[in-house]
Structure formats: C-alpha cells, structure tokens
Amino acid sequence: APGGTLADDMTRTNVCVFAAQEDLETMQAFAQVFNKLIRRYKYLEKGFEDEVKKLLLFLKGFSESERNKLAMLTGILLANGTLNASILNSLYNENLVKEGVSAAFAVKLFKSWINEKDINAVAVSLRKVNMDNRLMELFPANKQSVEHFSKYFTEAGLKELSEYVRNQQSIGARKELQKELQEQMSRGDPFKDIILYVKEEMKKNNISEQTVVAIIWSSVMSTVEWNKKEELVAEQAIKHLKQYSPLLAAFTTQGQSELTLLLKIQEYCYDNIHFMKAFQKIVVLFYKGK
C-alpha cells in the first residue's frame, strides 16, 4: 500500500509486467490480457481500477524501468477504455510531483496513449473527468507555467501534448477575459481602465488583437436587451455602439483587426435577422468614427 515498503524477501513471479521486456509490443500483449479478462468478468473492472490507483501512488517504490513499463501499460489501457482517465488523479500526489516522478511517468504514459489513439481522443477522455485543465499540476507550483510544460514535453517528444495544453490555457484566458470585460462594462468602468486591463491580459497571455476585438464585440453586443422590432433595433444599435466605438477603436489598429471586426458584425447581423438593415449603418458609424 502507499506509504509502505516493498517486501524483498518474498518470491517474485516472472509472470508480471515488471519482469517483462520494456517495449510497447510487450505491454500491448499484457494490455490485451487485462482487457479480455475484464470484458469477460465485468465485476473485476472497479477493483482493477482501484489497484492501478494504488500502484500509481506508490511509484517511488519501483525502479525507473518498472515505472516505464507501468506507464506504457497504463497508457494503452486508457486508450482502449479498460481504465478511466480519473486514475491520473494519483499522479497529483504532492511527493510524486515534488520529486519529478509524476512528470517523468506522464511522458511514457502519454506517448503510449497517443500512439494507440491520437491527441483528440486523449483530450476527450481528459475532458470527461475534468482533467483537461489540470495537466500543469504534474509540476510543482513554481514550475506550473505553459512555457515550462511546453519545453519539458516537447523535448520529450510530445509536441502535440504541449500544443494541446497551450491551446487549453489560451481558451481559458480568453474566457476569463470575456467574463471580466462584461463585468467591467456592466459596472460602467471608464474605457481607459478597461483598455489598460485588456492590453495587460493580451501581453500576459499572448492574445492577438484580432482575437481581442472579437471578444470585445461579443461582450458589447451582450450587454443590452435588444428591441425585437426591426425598425427600432437599428437606431438602438447605433446609439449603443456609438458609446462603445472608442473601446473598439483601441483594438483595431491593424488592418487584420478591422477585417475581423467587419466579419464579426456581418456574422452577427446574419445570425440575428432583425439586424440585417442595421449592418450598413453600423459599418458607416465605425468608418466615420475612425
């Protein structure tokens, strides 16, 4: 059990993952045995999962080679659905993380998992157990950055995992930016404060101006209850957008950003049919405002 010791004086069986060859083909054969057993005897599934969780908590008790074999096998079993991705919670054990065991184990595990499936399938499994945004916790708090994660796993040959985590971080940052932006607008914060905040977030999270202007447009259009009558909504839209035009102007300093905004206006007016007649007036408003 975790926290215990290995009994070296006991007779060890040779029919064991730890005694096998350290290669993917051998681990695939072991995975096939476990898979067939559990498919035939469904009641073994929960007990097997619990045992794997315990093994992961006790990783420090095994040699590097034994950990590598267990990692490869676990990755294959995750890929074929024999194990649930929730077992990865064991890797967030403070001692395992602190000593770098979790990260090293994760490299072998994700390599075999992605070899069996692909990064999209891995992402779906992680998302199902709310672990898609927790991968950086494989490192100590002072190393939990996208840059460190990306460097570590890219150098280990897992560029697709690095890109996935970078993308997840970017999505999270954009969602947080939009949420805060909407709160600032509802409070009526001065535009100069909002602009300063957004520019700081852009720099901190490497968010492009094109992405930001799309977020601002979405936030601006969601802060008001629109009139359902087509003949009245155009006037309401012009009045509302005229108020926020300085904010949008601050983030359309590039031609690509202007094009992004124009496309977002077009999409919005197309998706909301009562805005169709307002499209031309909105474009003229921003053109004159510029």
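Using R0 = 25 Å, the C-beta based FRET efficiency linking residue 133 and residue 187 works out to 0.35. This ranking places 217, 226, 113 by how few other beta-carbon atoms lie within 10 Å of each, fewest first, which gives 226, 217, 113.
Based only on other Cβ atoms within 10 Å, what is the fewest-to-most ordering of 211, 74, 252?
Numbers: 211 19, 74 26, 252 22.
Starting with the residue having the fewest Cβ neighbours, the order is 211, 252, 74.
Each of 23, 271 has some number of other Cβ atoms within 10 Å of its Cβ, and from fewest to most they run 271, 23.
Dividing the summed helix terms, -39500 (n - 2.57) for each DSSP H run of n ≥ 4, by the number of residues in the chain produces a 222 nm estimate of -21500 deg cm²/dmol to the nearest 500. Each label point was placed 7 Å from the Cα along the Cα-to-Cβ direction; for residue 196 and residue 144 their separation is 2.9 nm. Computed over the chain, the percent of Cα pairs more than 27 Å apart is 55. Backbone geometry of region 84-91 corresponds, through the Karplus equation with coefficients 6.51, -1.76 and 1.60 at θ = phi - 60°, to 3J(HN,Hα) couplings of 8, 4, 5, 5, 5, 4, 4, 6 Hz, x marking Gly and Pro.
In debye, nearest 20, what is the charge dipole magnitude of the chain about its Cα centre with +1 on Lys and Arg Cβ and -1 on Asp and Glu Cβ, if you could check?
For the chain, the charge dipole is close to 600 debye.
Please say if region 97-246 is rounded, prolate or oblate, where rounded means a/c under 1.5 for a ≥ b ≥ c the square roots of the C-alpha gyration tensor eigenvalues, and otherwise the choice is prolate for a/b larger than b/c and oblate otherwise? The shape class here is prolate.
For the pairs 117/199; 192/228; 60/204; 192/264, note any where the Cα-Cα span goes beyond 29 Å.
Those over the limit are 117/199; 192/228; 60/204.
Where a ≥ b ≥ c are the square roots of the eigenvalues of the C-alpha gyration tensor, would you call region 17-135 rounded, which needs a/c under 1.5, or, failing that, prolate if a/b is larger than b/c, or oblate? Please report the intermediate quantities before stating the final value.
On the way: a/c = 1.34, a/b = 1.11, b/c = 1.20.
Rounded is the answer for region 17-135, as its axis ratio a/c remains below 1.5.
Helix 44-57 sits at what angle to the longest principal axis of the chain, using alpha carbons and giving 0 to 90 degrees rounded to 10? Once rounded, one gets 90 degrees.
Values in this text are rule-based calculations from the coordinates and carry no lab data. Remember, predicted model here, so these are calculated numbers, not experimental data. Neighbour counts are summed over all protein chains in view; Cβ atoms, including those assigned to glycine, are modelled from backbone coordinates with ideal geometry.
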